[in-house]
Amino acid sequence: MHSAGDFPQILPSLRLPCHRETTFFAVLITSLKNAASTGILSGKECIFKHCKEKLQLMVSGISSQKLRTENNLKIPRLLDDVLNGHRLTEAEALTLLNTKGREIWTIAAAADVMREQKNGDPVTFVRNQNLNITNNCINTCGFCSFTRKSGDKDLFCLDEITIKEKVAEAKAREVTEICSVSGLHPEFTAQSYIDFLTWIHETAPEIHIHANNPMEVFYGAKNSNISSLEMLRRMKDAGLGSLCGTAAEILVDDIRKIICPGKIDTETWERIIREAHSLDIRTTATIMYGHIDSPEDQTSHLRLIRDIQDDTGGFTEFVPLSFIHYNTPIYLDGTAQPGATGREDLLMIAVSRLFLDNIDNIQVSWVKYGLKLAQLALMAGGNDLGGTMFEESISREAGAENTEYLDPSEMKRMAEDIGRRLQERTTLYEFI
Ligand code: SF4
C-alpha cells in the first residue's frame, strides 16, 4: 500500500511513455479539483484518499502494460529459439497464450513457418460422414446440448437397418471415413459397440471407421465387466480403424469435475489412450477450451498430450475445439464464458503448433471456427481442415451455424486464396 508521500518514488519507476504521463497528471489534477470542489475534503491525506482509487487503477494498468511490454520484447527471441529446435516449456507456452497486441501476429507467423517446415503447402481434408447412433445419454455434461433422456421427444437410437442404410449413403458419397461417437445409452454394453462396428464394417469394409472415444470404451467395458484393453482388442477385431481422442475436454480434473462430472478422469483418459496406442490403434488428440478453463489449464493439457506422444507416437493429429456456448447448460447458468475470443482461437492453434513439436498435424475445425476464422488459422499453424462432415449434429445442437457439410470446392477456394493447395487425405494422413 502506498501513501501520498510515496508518489515521488512511484512516478520515476513507472517510466511512463509521454502520452501516459500526460494522462496520469490530467487524472491527478481533475481529481484534486473535484476534491476541492466538494468542500468536504481538505488536507493532503483526504485529497490522497479521493485520488487513490483512480491512481491505483492507473498504476495497476501501467504495471500490467509494462509487464506485457517486457514479455512481448522477449517473444521474437523465444520464437527464434523454437524454430531452431528449442522445446517450449509450459511457462513459455503460457506467455505466448497470454500475449496481446501485434505480437500475436509474430507468434502466428512463427507457427506458420513451423507448419511449412513440417507439412509444406498442402491444406488437407478427409471426406467423411458422421454417424451418431444415439443421443440417449446417462451423462449430463454441462457443455453438451446433444444429450437427451428417455422420454424426450427428439430422443433417437438407430437400429441395425438404419445404420446400414446410412453407411450405404456414405458409400454413395464416396467418403473414406465414417466418424461415429454417441451418447452413453443406458442399455449399451461392450457387445453393443462391437455390433455397431461390425454392421458398419460389413456394409462398407473399404471405409475407415474412426469411432468412439475413451469414455465410450470405459463405459462399454464397465457394463460388461471386461478391461478397457480387452474392449479395445474386440473393437479392433470388429473393424475399428482409429479411436477418437474426444472426451478429453480439458485434462485437468478440477475443471472436469465442474464441466463433466460424470466423465472419466484425466488418468483414465490417458490410460485408455495409451492402451489404444499399444494395440496399434491410432487416435486423435483434442482440447475443448474457452469455457471455464484458464491458459494454465490449457498448457497443462498440452503438456500431457506431448508427453503421451513422446512415449507412444500414436496421435495422428491435434484438434483444438473452441467451445460453442450458445445452447449449453454451463453457459446458460452463468458458469462458463461465451466461448473463446478470436485472439484466443488463433493463439490456441499457433501455440499448439509450436508446443506440440512431436505431432505433425494441427487441425482447424471449420465447424467450430466458421470459414473465415478457419482460413486465418491455416495461416497460424494449422495444416488440416478436418472433414467434409456430412450429417454433423453435435456442434449444431450447441448453436453453431452451417455445420452440416463443407464442399471440397469451398475448401479449395479457402486454401488457394492463401497461396496453398488443397489435398485430400485418409484418416491416417495418406494423400489420395
Ligand atoms: S458430451 Fe457425451 S457423455 Fe457428455 S452428455 Fe454429451 S453425449 Fe453424454
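Nothing in this text is a laboratory measurement; each read-out follows from the coordinates by a stated rule. Just so it is clear, the structure is predicted and the values come from calculations on it, not from any experiment. Counting neighbours? That spans all protein chains shown, and the Cβs are built from the backbone with ideal geometry, glycine included.
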If you take the beta carbon distance between residue 138 and residue 431 as r and set R0 to 60 Å, what does 1/(1 + (r/R0)^6) give as a FRET efficiency, to the nearest 0.05? 0.90
Consider just the alpha-carbon atoms of the stretch 118-425 and return their Rg together with their Dmax, both in angstrom. 18.2, 53
Sequence-separation-based contact order of the stretch 118-425, relative, with Cα cut under 8 Å and 6+ spacing, percent: 22
Once normalised by the length of the stretch 297-366, the mean sequence separation of its alpha carbon contacts under 8 Å that are 6 or more apart gives a contact order in percent of 47
The number of Lys pairs in the stretch 118-425 whose alpha carbons lie under 18 Å apart, excluding pairs fewer than 8 residues apart on one chain, is 4
Short version: ³J(HN,Hα) in whole Hz for each residue of the stretch 377-390, in order, from phi by Karplus 6.51 cos²θ - 1.76 cosθ + 1.60 (θ = phi - 60°), x for Gly and Pro, what are they? 5, 5, 9, 10, x, x, 10, 9, 9, x, x, 5, 6, 4
Among the aspartates and glutamates, which fall within straight-line cross-link reach of residue 100, defined as a Cα-Cα distance under 15 Å, with same-chain neighbours fewer than 8 residues apart omitted? 70, 92, 344, 345
Which ³J(HN,Hα) values, rounded to whole Hz and listed in residue order, are derived for the stretch 194-204 from phi using the Karplus coefficients 6.51, -1.76 and 1.60 in 6.51 cos²θ - 1.76 cosθ + 1.60 with θ = phi - 60°, glycine and proline given as x? 5, 4, 4, 4, 4, 4, 5, 5, 5, 6, 9
Whole-angstrom Cα spans of the stretch 262-306 along principal axes, big to small: 34, 25, 13
So, R0 is 35 Å and r is the distance between the beta-carbons of residue 311 and residue 116; what FRET efficiency does that work out to, to 0.05? 0.80
For residue 381, the net charge from surrounding residues (Cβ-Cβ under 9 Å; K, R +1; D, E -1) works out to +1
Residue 161 versus residue 335: modelled label distance in nm, points set 7 Å from Cα along the beta carbon direction: 4.1
Taking the simple approach of a point 7 Å from Cα along Cα-to-Cβ for both residue 168 and residue 198, what is their distance in nm? 2.0
At a 10 Å Cβ-Cβ cut-off, how would you order 228, 365, 278, fewest neighbours first? 278, 228, 365
Take residue 344 and residue 229, extend 7 Å from each Cα along the Cα→Cβ direction, and tell me the distance between the two endpoints in nm. 3.9
Of the listed peptides 188-194, 239-245, 256-262, what is their order by residue-averaged count of other C-beta atoms within 10 Å, with the highest listed first? 239-245, 188-194, 256-262
Relative contact order, percent, of the stretch 262-341 when contacts are C-alpha pairs under 8 Å separated by at least 6 residues? 37
Mind ordering 416-429, 168-181, 378-391 by average Cβ neighbours within 10 Å, highest first? 378-391, 168-181, 416-429
